[in-house]
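**Student:** Right, I'll just put the structure down here and ask away after.
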């Protein structure tokens with residue numbers, strides 16, 4: 001075998017090896033069909049929240065979420081809160097805004113990166129979930145989340161909603177009411193808001209109400225500087 | 001076998017110490033059982049401060065476990081004979097502390113019954129998953145290294161084994177540092193200085209633990225530590241302490257420089273109550289200034305200096321970790337920069353944390369496990385250093 | 001050697017005692033068979049559950065026939081609407097007999113959904 005051939009052979013082997021090593025991690029990401037096997041094209045669920053319409057002191061979205069998912073509604077330091085109302089005040093101008101805050105369902109979720117077992121994962125349609133079967137309760141995702149979206153279940157639970165399994169020792173957060181969405185419904189918070197603050201829909205469908213509105217009004221993502229590309233956008237911030 | 005005679009009293013004392021350590025470990029197991037039954041609500045941890053006392057203990061033990069191997073590395077990799085005879089003891093302490101730290105970490109999990117899930121589901125982007133490989137690999141690497149040291153026929157392999165352990169523990173301690181480095185959103189973490197800081201700190205804490213254990217063993221057996229070796233090891237510890245203080249200082253100084261970080265630094269260093277107290281008095285004064293005075297001022301009592309300085313360094317280490325881990329979580333996330341924030345979920349509020357008895361017992365249980373492994377190891381096998389005869 | 005034989009013979013006593021106890025009494029609820037036959041289910045329900053849970057949670061494939069809720073809908077006791085409440089409940093009876101720990105119901109509700117909805121009127 002001539003030297004040139006040997007060199008080429010080695011080069012090809014190294015290149016193939018390098019390519020495999022580069023591609024392999026990508027193949028570990030779940031890129032599978034969204035719930036409906038007949039769907040064409042990729043859905044990305046998201047929400048647009050109109051903070052101007054959000055009323056300070058109103059907790060309808062929180063109450064609805066608690067009822068839907070079987071949360072106690074208590075707000076001590078150890079109680080899970082999947083959605084909460086935050087009152088913010090601009091320090092320099094004094095302008096006050098009220099808004100609901102939940103898991104932002106990022107495109108590049110830090111919680112998914114740090115989870116040792118892969119329990120924290122992103123579904124193909126963009127919803128970030130905790131697979132309770134794999135969760136070992138290490139709470140690393142809670143450390144990683146920039147939005148404090150995750151809660152840890154500190155006590156044994158009884159009489160859970162059959163649609164929303166939750167248990168002691170695992171971490172949980174807003175599921176975008178995945179059990180409702182998979183049947184074609186809306187998240188409970190979006191449905192419950194009397195002022196239509198939360199608009200839910202498919203960001204990737206150009207005909208959807210949310211896609212049209214996001215294209216026409218000014219909206220931002222919270223902590224956009226982190227480049228996580230959350231699926232939840234806010235108007236009026 | 002180690003050549004020492006055991007007076008009746010010491011034999012009894014040994015068993016008493018073992019019993020005390022075993023009962024602490026038992027108390028820790030009871031705490032774990034309570035946590036499994038009632039949930040983490042019985043601890044002081046909550047949705048704001050998710051990692052507490054168990055993690056302070058565990059990270060100290062793991063970092064010190066990596067650092068104590070310095071003694072072996074200086075012997076095997078850098079060929080210093082005074083350290084070479086201490087290499088097996090350092091290896092034993094490393095395994096013991098690693099076991100203790102991992103015990104605490106694994107038992108603090110919300111679902112410790114799912115460790116098998118952690119071992120079989122591996123997310124390659126997660127440092128925790130990598131640490132599972134690194135920590136278990138460390139046990140194997142140190143075990144092999146000990147074998148090359150203590151089995152005469154394998155002695156020629158001790159240098160490559162020592163080198164492998166040397167590299168492995170650098171990777172492992174980096175892995176411990178990046179647990180925090182990778183957390184981009186928290187003001188206390190998300191910094192590339194943390195892995196090197198942890199590595200240098202591991203040198204200081206590891207050597208401090210080694211000194212304490214060595215002093216105890218020599219006192220117990222009526223042996224005298226050669227003054228030359230004492231001085232070398234003592235000065236080395238001084239260098240490590242200065243180096244780690246440098247890293248901690250740089251970390252804070254850089255933070256203070258950034259406008260978006262000054263409020264956090266003010267919390268940690270000035271206004272945060274327990275955190276500045278632990279930092280300045282516990283870490284800086286007790287953990288750095290006093291030990292350095294003890295190490296470098298010749299006026300003080302010659303032999304007792306090292307164990308006292310080492311104990312102070314260890315106490316300082318715990319204080320630093322408390323401030324770093326718990327203080328870092330207590331300071332709220334800056335979700336809306338430029339806004340003041342309030343909500344039902346403690347947004348914008350300093351998180352509260354009070355260490356609870358189950359957590360402290362669990363942490364002490366890890367120390368107990370480390371003690372038991374070390375004490376049994378020293379008693380059963382030939383770990384006590386054979387001093388080189390003076391020429 | 002004699003001691004070993006004696007020890008083994010002693011162990012036969014609890015073994016015989018265990019063998020005498022009857023098979024578990026199971027409350028099969030509404031009963032019926034919609035997934036596979038009884039023998040197949042007895043041998044393989046755990047594999048079916050593990051496979052199905054990954055399909056549902058990770059991929060969002062929710063086939064009603066294979067969902068845990070659907071199993072519970074039929075197999076929950078008529079008396080208390082649960083698969084885990086009593087010693088003879090559908091899941092508990094066999095699992096207790098075989099001494100295999102049930103982990104599912106730490107998180108999942110063991111109650112028939114229709115009954116749960118009635119109790120917690122939406």
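**Student:** Using alpha carbon centroids, what distance separates the range C:1-19 and the range A:185-204, in Å?
**Tutor:** 68 Å
**Student:** Given the rule -39500 (n - 2.57) for each run of at least 4 DSSP H residues, summed and divided by the residues of the protein assembly as shown, what is its mean residue ellipticity at 222 nm, to the nearest 500 deg cm²/dmol?
**Tutor:** Numbers: 26 runs with 378 residues, N = 750.
Helix-only estimate at 222 nm: -16500 deg cm²/dmol.
**Student:** So how long is each side of the protein assembly as shown along the principal axes, counting just the alpha-carbon atoms, biggest first, in Å?
**Tutor:** Here the spans come out as 88, 87, 73 Å, largest first.
**Student:** Another one. Just to be sure I understand: of the beta bridges DSSP finds with both ends in the protein assembly as shown, what percent are antiparallel, rounded to 5?
**Tutor:** 85 percent
**Student:** Let me ask you something else. From Cα coordinates alone, what are the radius of gyration and Dmax values for the range A:36-235 in angstrom?
**Tutor:** 16.5, 52
**Student:** Moving on. Measure out, as a whole number of angstrom, how far apart the alpha-carbon centroids of the range B:43-81 and the range C:56-109 sit.
**Tutor:** 44 Å
**Student:** When only alpha-carbon atoms count, how far does the range A:64-153 stretch along each of its three principal axes, as whole angstroms with the largest first?
**Tutor:** 44, 29, 25
**Student:** Roughly what angle does helix B:158-181 make with the longest principal axis of chain B, taking Cα atoms, 0 to 90 degrees, to the nearest 10?
**Tutor:** Relative to chain B, helix B:158-181 is tipped by roughly 20 degrees.
**Student:** Ratio of Rg to Rh for the range B:351-391, alpha carbon only, Kirkwood? Provide the component values of the computation, followed by the final result.
**Tutor:** On the way: Rg = 18.2 Å, Rh = 13.3 Å.
With Rh from the inverse mean 1/r over Cα pairs, Rg/Rh is 1.36.
**Student:** Relative to the longest principal axis of the C-alpha atoms of chain B, give the angle of the C-alpha long axis of helix B:8-38, reported between 0 and 90° and rounded to the nearest 10°.
**Tutor:** 20 degrees
**Student:** Helix B:305-321 sits at what angle to the longest principal axis of chain B, using alpha carbons and giving 0 to 90 degrees rounded to 10?
**Tutor:** Roughly 30 degrees between the two axes.
**Student:** Separate question: Convex hull over the Cα atoms of chain B, averaged projected area in nm²?
**Tutor:** 21.0 nm²
**Student:** Restricting everything to alpha-carbon atoms, can you work out Rg to Rh for the range B:195-337 with a Kirkwood hydrodynamic radius?
**Tutor:** In the range B:195-337, Rg relative to Rh is 1.07.
**Student:** For the range B:291-391, what is the Kirkwood estimate of the hydrodynamic radius, computed as the reciprocal of the mean inverse distance between distinct Cα atoms, to one decimal in Å?
**Tutor:** Radius from the Kirkwood sum: 18.6 Å.
**Student:** Per residue of B:32-40, what is the mean number of Cβ atoms on other protein chains within 10 angstrom of that residue's Cβ?
**Tutor:** 3
**Student:** May I ask you to order B:67-78, A:144-155 by the average number of other C-beta atoms within 10 Å around their residues, highest value first?
**Tutor:** B:67-78, A:144-155
**Student:** May I pose another question? If you bin the C-alpha pair distances of chain C every 5 Å from 0, what whole percents do you get?
**Tutor:** Pairs per bin, as whole percents: 2, 9, 15, 20, 17, 11, 7, 5, 5, 4, 3, 1, 1, 0, 0.
**Student:** Working from the pairwise distances between different alpha carbons, so that the mean of 1/r is found and then inverted, what is the range B:1-120's Kirkwood radius in Å?
**Tutor:** Kirkwood radius, the range B:1-120: 17.3 Å.
**Student:** Only Cα pairs under 8 Å and at least 6 apart count here; give the relative contact order of the range B:195-337 as a rounded whole percent.
**Tutor:** Once normalised by length, the contact order is 31 percent.
Throughout, read-outs are computed from the coordinates displayed, never taken from laboratory work. Computed from a predicted model, the values in this text were never measured in an experiment. Cβ coordinates were reconstructed from backbone atoms using ideal geometry, including for glycine residues, and neighbour counts include every protein chain displayed.
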